[in-house]
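Here's the structure we're looking at; comments come further down.
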């Protein structure tokens, strides 16, 4: 066998990027808990402002214990950019909570593609679902048992980046 050709083939194979695209979403929520993307949040009596700057306002649900899909979590924040609802951020803790959330997300939005050789457990895990209007990104840090879920409007969430200056001030 021609050793240089084998090495060239291996080099080309290893140089190819590993596909890590999002799973196609089977059931796009088009918002969160019956609040459509783009909605005005300021006038909602069930929300209160937790952080505000000229372009981005963050809210939390009033008088409720934070829960995502009926699963207790640390916090849920709804964010609006230029008065339009664009993102939900969920923070949670614990491996059991992570397993329950993953089961819900896979059942509701589509199963994770399990590619042979892919590591489904690890120090940092990331999962993505993409629909026509929404995108869900979950990151779980196994070493600290911390999880973060971002539910985004695909058209409005990129506007958060417009608010970041070049100097990051």
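How do 132-140, 39-47 rank on mean C-beta neighbours within 10 Å, highest first? Before the final figure, lay out each step's value.
Details: 132-140: 18.4, 39-47: 13.1.
Sorting 132-140, 39-47 by mean packing, highest first, produces 132-140, 39-47.
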Chain lengthening between residue 143 and residue 89 when straightened (0.36 nm per residue, less Cα-Cα): 17.4 nm
Cα-based shape type of region 21-162, given that a ≥ b ≥ c are square roots of the gyration tensor eigenvalues and the cut on a/c is 1.5: prolate
Two-site label geometry, residue 126 and residue 53: point separation in nm, points 7 Å out along Cα→Cβ: 2.2
Ranked by how many other beta carbons lie within 10 Å on average, peptides 68-74, 78-84 from highest: 78-84, 68-74
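Where a number appears in this text, it was derived from the coordinates with a stated rule and is not lab data. Just so we're clear, the structure is a prediction, and the values are computed from it rather than from any experiment. Glycine also receives a Cβ, built like all others from the backbone with ideal geometry; neighbour counts cover every protein chain displayed.
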